[in-house]
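Presented below is the structure to which this report refers.
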Amino acid sequence: MFKNYLTIAFRSLKSNLGFSFINIFGLAMGMAATILIALWVNNEVGYDRFHQNVNQIYVAFNKSLFEGEMRIWRSTPSPLGPALKQEFPEVKYAVRVDYLAKHLTEYQGKKLQANGYNADPDFFRMFSFPLLSGNIGSCLASNDHLVITENFARKLFGNTNVVGKLIKLDNKYDFMIGGVLKDMPANTRFTADFIAPWAFLQRQYGPDRLQWGNNSIRTYVQLLPNTNLENFNHKISDITIRHSNNEEDNRVFLYPMKDYYLQGVFKDGKLEGGRIEIVRLFTVVACFILLIACINFMNLSTARGDKRAKEVGVRKAIGALKQALVGQFLLESVLIAAMAGALGLLAAQLALPYFNRLIQTQLAMPYTNGWFIAGVIGFILITGLLAGCYPALYLSSFKAVAVLKGAHRKVSALITPRKVLVVTQFTFAVVMIISTIIIRRQIQYAQDRDNGFEQGSLVYVPFSGDIDKNKQLIKADLLNTGAASAVSITSADMIVAQSNSWDVNWQGKPAGTKITFDRMATLGDFGKTMKLKFISGRDIDPQTYPTDSTACLINESAARIMNFKQAVGQLIDHEGLKWHIVGVFKDFVWRSPFEAMNPMLIAGPKMDWNDCINIRLDPSQPISASLQKAEAVFKKYNPAFPVTLSFVDQEYQRKFAEQQRTGKLAGIFAVLTILISCLGLFGLAAYMAASRTKEIGVRKVLGASVANVTAMISKEFLKPILLSVVLATPIAWIVMYRWLQNYSYRTQIEWWVFVTGGLTAMMIALLTVSYQSVKAAVANPVKSLRSE
Amino acid sequence: MIKITNLEKFYRTEEVETVALNKLNLEINTGEFVAIMGPSGCGKSTLLNILGLLDDPDGGSYLFNGTEVAHFNERKRADLRKHNIGFVFQSFNLIDELTVFENVELPLIYTGVNSADRKQRVEEVLTKMQIMHRRNHYPQQLSGGQQQRVAIARAVVNKPKLILADEPTGNLDSSNGNEVMELLTDLNEQGTTIIMVTHSEHDARYSHRIVRLLDGHTVVENIMM
C-alpha cells in the first residue's frame, strides 16, 4: 500500500512539473527562512543559560526614585559583592565583573590588541567556562595570573600549551598565564580574549574605585540551592544604604541570570520585557512565512483537485475508506515537504554566512546534534501535515458516484476557501512591505537629525601607554605640525556616552530631586574642536582665562532644567567642587540618535579625567596627509603602542546598525513573502486560465476583445488583493506604531506609506497574473472550443 | 442474491425535490445477467450506485445475500464492496499515473493480498483479458477497447460475486463493444452475477433479463430466451 502511495505521488509530481516546481520551491523557500529564524531563536533563548548553576545565579540590580520614576539599573558599587558574601550565608559566590576594555598584549616582541575584563576568582566556579589547561581553583587567584581563551592563545603564542608563560599588558604589567579557556560559545555576554584578576584594577588605578556611591561594575551572585529569592532580596535591600551611612539611597535586589538577557528591561520599577519581544516577533514572522508557503501548497493542490478526482472515485469504489485516502494525501504532502525540507536546508546553509553577517551572529547548523536532526524531521512532518491537511480533507471528500460518472463539478480557481488563503498571504505581504518602508523612514529620520556637532574630519585616540604622560606635548605637536586645526583632551569620546551622575546641584534646585546629567570632562577647546553651536557664552579656554580650570559648559536641556534667567556666570556643585558656567551649547547627540537629549555637563580641567584625545583635522589639507602627520606624533610620544585613530562619523553610523539590521530583515522577509505568494498566485492563475478555456472561447466568439478577457481574469484576482490591502493597513499601523514607541525621536506614520505598500502589492500581483490571463485571452477560440 | 423492497431515493435542491427511485422492488438471483434500461433520468444509475453501495437509499430495504445493508455505515459498506463487488464504468476510470499492471493490482492491495499472490493473480487475469503484453503501459497509451479490458480485469481480479457495469460499451466502437460484451458473458458463464445499465438494445440482448425503469419504478421485465 505504502509503495503504491509513493509510486502515485512521484508520478503525479512528475506529470505536473510546473506545479510541482512551484509547490516544492515555494515550500523550500519558506522552510529555509523558518530554519534560519529557528536557529537564531534557539541561540537567543539559550543565551547565557548553558551554565550548570544557571538556576542559582543572579544579577544584582540597583533601584532608586528619580523625579517620581523608579529607575532600575545594573551597574553596582564595587564593595557590594564582597559585602554580600561576607554578610549572608545564603551566598555561595559573589563575583564582580567590570566592563570589557582594550589592552595591548605582548609576548616575545609580538604585540596584539586584546579585549579583556577583570573578575573575582570565583568567576570560573560560578560560570561554566571549562578550562583547556590550568586549574579552576588557582587560575585567577594570584594578582599576576591571567586566563586567556584558546583562540587568543593561538593568535599570540601559536599554540594552546601556554600555562606558565609570561606576557606583558599595556607595556607595563607582567602576567603569567594561569589557564587557557575553551573558546566561549557565541551566545554569552562574557565574550573576551582574556580575563584578568580583580586585583588588576587596583594595580592600575589604586583602591579609589571601591566606593558605595560609584556604580560602575556588575555583580553576579550564586545563592545556595533552595534559597527563597523574595526573602533574600528583602534582606539585602538596604545594604548600600547601611554601608554608605545613608548617603546613598539605592536599593539592591537580585534578578535571575537566566531571564536577564531576554527579559531585562524595566520601566518605572516594573519588568517591561526586553529582547523577548523581538524574539517573539521573529517567531511570529517565521510562522507566517511558513504558513504562506503552506497556503501555496493548499491552494495549488485543491485547485488541481479534479486531476485527482477520478483516482479518489476509483479508490473509493474499490473499497478505500475516506481515512485511508486522507492518509494517502497526507503522506504525499509529507513527501513533498521532505523534498522541500532538503532543498530548504541546502538553501539555509548557503544563506547562513550572509545571514550571520547581517544579524552579527555566528550561527551554524549542528548537523550531528540529535536534537537538531529530530527538530528537522519534526519540522518536515509538521509542515507536511499543515500544508496537506486541508487538501487531504478536500480531495478525500469527493463523491465517488459523481466523479466516476464524470459529473464532478470543475471548480473555478478562486472559490471561497482559496480566496481566504490568498487574502491571508497578501495581508501578511502588505504588512511586511509597509513595515519595511516605515522602518527605513525612521532610520532616515534619525540620520537626518541635527546631531549638534560636526562629525566630518573629527578623529579620536583613546589613551594608552604614555599618552597620558605626554598629552600636552602631543596636543602641541598636532597643532604645530598642521595635522589639526583644534585638539581637545576629554574624559570620553563623542560616540559612547560613558558617564552620568545625579550629583549635580545648583541654586534653586528643588530639594530632594534627583536628576541625572550626562557628563564629560575636558582640558579645554571642547567647543572649538567639536564645533558646537553656542547659544550663549564661550568655550572653556584655560590659556586665555586662568580661572577656567573650574569652568563648565552645559547644554540647552540642562539650562532649561536649571531655569536660570542668565545661565552664564552661575555656579554648579559637582563632585565636591564649585563650577562656574561659561557657556551654553546646543544639545548634541551623545547617546542613541533615536533618543531624547539628556541634560549635560562638561567640566573643566580641574576634574582631570583624561582618557581621549579628540582631533579636528585641518580642513585645508588632504585628510591622508593630516592622518600621516598625526600618526607620526603618536608614534613619537607613545612608541610601544599601535596608533588607533577612529573617525567619529564612521563610528556614529554604527548607532544605526541595529535598526538597519531590523530594516534589512524586514525587507528580506517582505521580498520573500511576496515571492512565495506570487508563486502561488501564478499557479492559481495558470489553473484558472486552463479551467476556463471554454468560457473564454465562448466569450471571444461572442465578441469579447483580448483586453476584455484579460481584464476579466485579472479582476477576479485583484479583488482579494484589494481586500488584503484593506486588512493589512490597520495591522501594519498597530505593529509599526508600537515599534516606534521604542524611540523618543521618531517619525510620523503617513498615509502615503499605506498607499505605496498597497499599490506595490497590487502591481506585483497584477504582473504575476497578467502573463496567464493574456496567454488565455490571445488563444484561438476555435481551438479551445473544439477541445471540449 | 439481491432483494430490494420499496426502495426510495430523492434528490433535493433548494426549490425542487426529485424522486429518483419510487418504492422500487427488484430481486436478482445469483448467477443472473441483468440489463437495466430506460430513458435518461429514469433512475438507472441511481439504482446501480445503491446496489454498489456507493450511495445510500432514503427508504426501503436492500438485502444483499440475506443481510440488510441499506443502512450500513461507510466502513461496512467499503468492506462489503471490496470483497464482493466489481465496477466497470463507461469512461473506464483508470488511474493515469498507474500502469496497466498497477491499475489491476489496486483492489488486491486494498484487500490485503500479499505481493507474490498479487503478481500471480494480476498476470492471470491480464492473460485472460488478452492484455498481458501491455502490462507496463499507461492507460493513455491504450485504445479505448484495451482500456475497458483493463477496467474489466480490475473489476474481476478480486473474484467478486457481483459485477456492476454502467454503460460499459458507451465509449467504444461496435467491434470493441462486442468484445467487451463477450468478456462479460464469459464471466457470467463462470458464475459471476452481472448487473449492467445500458442504452443499447444490442448489448441488452446478451443478458438473461431486461429491467425497464420509468420515473423511478419498474415498468416491465423481459425475460430473454
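Only beta bridges with both residues in chain B are counted; by DSSP, about 55 percent of them are antiparallel. The modelled label-to-label distance for the pair B:Glu201/A:Ser499, using points 7 Å beyond Cα in the direction of Cβ, is 11.6 nm.
Given R₀ = 45 Å, FRET efficiency for B:Lys23-B:Gln120 by Cβ-Cβ distance, to 0.05? After rounding, the FRET efficiency stands at 0.45. Computed from the Kirkwood radius of its Cα pairs, the Stokes-Einstein diffusion coefficient for segment A:80-139 at 25 °C and 0.890 mPa s stands at 177 µm²/s.
Note that segment B:12-24 has calculated 3J(HN,Hα) couplings of 10, 10, 4, 9, 10, 10, 9, 8, 8, 10, 10, 6, 7 Hz, one per residue in order, obtained from phi through the Karplus relation 6.51 cos²θ - 1.76 cosθ + 1.60 (θ = phi - 60°); glycine and proline are x.
Annotation: amide H of A:Ser536 within the under-5 Å range of A:Val584, sequence separation 5 or more or interchain, hydrogens built in the peptide plane. Between A:Lys270 and A:Tyr107, the simple spin-label model (points 7 angstrom out along Cα→Cβ) gives 5.3 nm.
For segment B:53-67, putting each phi into the Karplus relation 6.51 cos²θ - 1.76 cosθ + 1.60 with θ = phi - 60° gives couplings of 6, 8, 9, 10, x, 8, x, x, 10, 9, 9, 10, 6, x, 9 Hz, in residue order, rounded to whole numbers and with x for Gly and Pro. With a simple spin-label model that places each label point 7 Å from the Cα along the Cα-to-Cβ direction, the separation between A:Lys3 and A:Lys719 comes to 4.9 nm. Put simply, when A:294-307, A:550-563, A:659-672 are sorted by average Cβ atoms within 10 angstrom per residue, most first, you get A:294-307, A:550-563, A:659-672. The mean sequence distance of close C-alpha pairs (under 8 Å, at least 6 residues apart), as a share of the length of segment A:458-655, puts its relative contact order at 36 percent. Peptide A:308-314 has a mean of 5 when you count, residue by residue, the C-beta atoms of other protein chains within 10 Å of its C-beta.
Contact order, relative form, for chain A: 15 percent (alpha carbon pairs under 8 Å, 6 or more residues apart, mean separation divided by residue count). Using 1/(1 + (r/R0)^6) with R0 = 60 angstrom and r between the beta carbons of A:Gln444 and A:Gln211, what's the FRET efficiency to the nearest 0.05? Using R0 = 60 Å, I get an efficiency of 0.85.
FRET efficiency for the pair A:Glu575 and A:Thr756, taken as 1/(1 + (r/R0)^6) with r the Cβ-Cβ distance and R0 = 56 Å, rounds to 0.60. Distance from the C-alpha centroid of segment B:100-144 to that of segment A:207-269: 80 Å, rounded to the whole angstrom.
In chain B, the longest principal axis of the Cα atoms and the axis of helix B:100-110 are about 60 degrees apart. Compute the label zone of A:Asp608 within segment A:575-592: residues whose backbone N is under 14 Å from the point 7 Å along Cα-to-Cβ. Answer for segment A:575-592: A:577. For chain B, the longest principal axis of the C-alpha atoms and the axis of helix B:144-156 are separated by about 80°. If the chain linking A:His234 and A:Ala511 were pulled fully straight, counting 0.36 nm for each residue of separation and taking away their Cα-Cα distance, it would gain 96.9 nm. Applied to segment B:199-205, the Karplus parametrisation 6.51 cos²θ - 1.76 cosθ + 1.60 on θ = phi - 60° returns per-residue 3J(HN,Hα) values of 9, 9, 4, 4, 5, 4, 5 Hz, with x for Gly and Pro.
Take every Cα pair under 8 Å whose residues are at least 6 apart in sequence, average their separation, divide by the length of segment A:56-260, and the relative contact order is 33 percent. Just to be sure I understand the rule: take each whole DSSP H helix in chain A, project its Cα atoms onto its long axis, keep it if the span is 24 Å or more and its mean Kyte-Doolittle hydropathy is at least 1.6. Which ones pass? Helix filter hits for chain A: A:276-303, A:370-396. Remark: the A:Lys565-A:Trp733 segment gains 56.1 nm on full extension, using 0.36 nm per residue and subtracting the alpha carbon distance. Per residue of A:556-564, other chain Cβ atoms within 10 Å of the residue Cβ number 0 on average. Here segment A:458-655 is treated as an ellipsoid with the same Cα gyration tensor; its semi-axes, largest first and in whole Å, are 30, 17, 15. Taking the DSSP bridge list for segment A:458-655 and keeping only pairs wholly inside it, about 75 percent are antiparallel.
For chain B, the number of Lys pairs with C-alpha atoms closer than 23 Å, counting only pairs eight or more positions apart or on separate chains, is 23. Using all alpha carbons of chain B, what is the percent of pairwise distances in each 5 Å bin, ordered from the shortest bin to the longest? Each 5 Å bin holds this share of Cα pairs: 1, 7, 15, 18, 19, 16, 12, 8, 4, 1, 0.
Proximity of backbone amide H atoms, modeled 1.01 Å from N, is registered between B:Leu214 and B:Val219 at under 5 Å, excluding neighbours fewer than 5 places apart on the same chain.
Bear in mind these aren't lab numbers, they're just calculated from the coordinates by the rules spelled out. None of the values given here were measured: they were computed from a predicted structure. So basically every Cβ, Gly included, is an ideal-geometry build from the backbone, and we count neighbours across all protein chains shown.
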